[in-house]
Amino acid sequence: MSLKAFHIIFLISVVLLFLFLMYWNYENWNLYGQNSYLFYIGVSLASGLFIAFYGIKFYKKTKKLNV
């Protein structure tokens with residue numbers, strides 16, 4: 001497995017982790033009603049979007065490489 005492929009797989013797994021954290025914090029907010037869970041949802045969303053945009057930029061930049 002090339003370093004490029006590993007990097008892309010790792011980025012996808014991190015985005016999925018942030019999606020899970022958003023869901024988990026949403027469920028905790030429904031259960032406990034604390035506003036701190038809303039903050040964590042926002043942080044997870046922002047982090048997931050940042051990683052997704054980084055992954056898209058990385059993919060476009062390395063698309064020309066045949067390694």
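The values are calculated or read from the model by the stated rules, or taken from the named source; none is laboratory data. From a predicted model like this one, the values you see are computed outputs, not experimental measurements. Glycine also receives a Cβ, built like all others from the backbone with ideal geometry; neighbour counts cover every protein chain displayed. Just so you know, the surface numbers come from the protein's heavy atoms only, side chains and all, with ligands and any DNA or RNA stripped out. Shrake-Rupley method; radii C 1.70, N 1.55, O 1.52, S 1.80 Å.
Coupling constants for the range 44-59 follow from the phi torsions by the Karplus curve (6.51 cos²θ - 1.76 cosθ + 1.60, θ = phi - 60°), and in residue order they are 5, 5, 4, 5, x, 5, 4, 5, 5, 5, 4, x, 5, 5, 4, 4 Hz; glycine and proline get x.
Taken per residue, the accessible surface of the chain reaches 81 Å², heavy atoms only and a 1.4 Å probe. Hand me the chymotrypsin sites (Phe, Trp or Tyr not before Pro) from the chain located in a DSSP loop with no more than 13 other Cβ atoms within 10 Å, in residue order please. Counting only loop positions with at most 13 other Cβ atoms within 10 Å, none of the chymotrypsin sites (Phe, Trp or Tyr not before Pro) in the chain qualifies.
The ellipsoid equivalent to the alpha-carbon distribution of the chain has semi-axes of 32, 11, 5 angstrom, derived from the gyration tensor eigenvalues as √(5λ) and listed largest first.
Surface composition of the chain: carbon plus sulfur atoms contribute 73% of the solvent-accessible area (1.4 Å probe, protein chains only, all chains present).
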